[in-house]
Amino acid sequence: MICAFLMLYKKWRKDFNVAELTEEAVKDVAQTGKAYVHDFLDIYGRPVLMVVASKHFPEAQDPKDDERLCVFLVEKALSKLPTGKEQMVAIVDLRGFGTENADLKYLTFLFDVFYYYYPKRLGEVLFVDAPFVFKPIWQIAKPLLKSYASLVRFCSAEEVRKEYFTDKNLPPNFRD
């Protein structure tokens, strides 16, 4: 079973060209600011994958570019894991999110990547200040997320500030 998983994992990495993903290769889509790896760990010692949902416009970007950025950032976050730690936290900032930012296909890709190729690497997903318009999207997306749906926590920006960071390591978009 483990051998089969490793073979599929290696094939996917080769087919997706993971080794060729660099800052330069994803710079155009990264410049949108829609997602990044925070420079600091959270207070639990986990790398932080930040997603600013209001900057994601599915119609304006090639979905393949978004997918490459996703995998590049997951790899980057994992490279920041301290010794003895195995998981990262993903913070999805939903402030300013509207229907024009909704992208179920990409959300499914994101969770499939974690589910199939980076199992148990995602410790928690924080959906921050989810607006009313996000609720029906979540009801559709939740079953697609398999076991990862249980990792999701809806919270406020203030809770993120107080429970996951100190003043010194707070992500820029959570500073007052």
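The values are calculated or read from the model by the stated rules, or taken from the named source; none is laboratory data. Keep in mind it's a predicted model, so treat the numbers as computed, not measured. Quick reminder, even Gly has a Cβ in these numbers, built from the backbone with ideal geometry, and neighbours come from all protein chains shown. Quick note on the areas: whole protein, heavy atoms, side chains included, nothing else; ligands and nucleic acids left out. Shrake-Rupley method; radii C 1.70, N 1.55, O 1.52, S 1.80 Å.
Charged (D, E, K, R), loosely packed, with under 14 Cβ neighbours inside 10 Å and closer than 27 Å to Y115 by Cα: which single residue out of K142, K162, K168 fits that description?
Numbers: K162 fails: closer than 27 Å to Y115 by Cα; K168 fails: closer than 27 Å to Y115 by Cα.
Among K142, K162, K168, only K142 is charged (D, E, K, R), loosely packed, with under 14 Cβ neighbours inside 10 Å and closer than 27 Å to Y115 by Cα.
Tell me, which helices (runs of 4 or more DSSP H) wholly within the range 68-176 include 2 or more residues that are over 18 Å from V37 (Cβ atoms) and of a type in the set (A, V, I, L, M)?
Values: elements: 104-112, 134-141, 157-164.
Fully inside the range 68-176 and qualifying: 104-112, 134-141.
For the range 132-169, how many residues meet the condition of being in contact (Cβ under 8 Å) with a residue 40 or more places away in the chain and of a type in the set (A, V, I, L, M, F, W, C)?
Selection size over the range 132-169: 5.
Give the range 19-42 a look and list any residue that's in contact with a helix residue (DSSP H, G or I) (Cβ under 6 Å, 6 or more places away or on another chain) and surrounded by fewer than 16 Cβ atoms within 10 Å (Cβ to Cβ), or say none.
G33, the sole residue that qualifies.
Collect the residues in the range 106-139 that are closer than 18 Å to P58 by Cβ and either surrounded by fewer than 13 Cβ atoms within 10 Å (Cβ to Cβ) or touching a His at 6+ places or on another chain (Cβ under 7 Å) (or both), keeping them in residue-number order.
P136
Taking the options Y44, Y106, name whichever one is under 20 Å from V29 (Cβ atoms) and aromatic (F, W, Y). Before you say what the answer is, go through the steps one by one.
Details: Y44 fails: under 20 Å from V29 (Cβ atoms).
The unique qualifying residue is Y106.
Is the range 100-116 home to any residue that is in contact with a strand residue (DSSP E or B) (Cβ under 8 Å, 6 or more places away or on another chain) and at pLDDT 95 or above?
Step one: filter the range 100-116 for residues in contact with a strand residue (DSSP E or B) (Cβ under 8 Å, 6 or more places away or on another chain), giving 114.
Of the ones still in play, those that are also at pLDDT 95 or above are none.
No, there is no match, as no residue in the range 100-116 is in contact with a strand residue (DSSP E or B) (Cβ under 8 Å, 6 or more places away or on another chain) and at pLDDT 95 or above.
Of all residues in the range 58-67, which are open to solvent by 40 Å² or more (accessible area, probe 1.4 Å) and in a helix (DSSP H, G or I)?
P63, K64, D65
So is G84 under 24 Å from E163 (Cβ atoms) and surrounded by fewer than 11 Cβ atoms within 10 Å (Cβ to Cβ) or not?
Working: under 24 Å from E163 (Cβ atoms): yes; surrounded by fewer than 11 Cβ atoms within 10 Å (Cβ to Cβ): yes.
Criteria met by G84.
Could you grab the pairs with beta carbons closer than 7 Å, sequence gap of 6+ or different chains, first residue in the range 14-31 and outside any helix (DSSP H, G or I), second one at pLDDT 95 or above?
Partner pairs satisfying both residue conditions: L21/R68; L21/V71; L21/F72; L21/E75.
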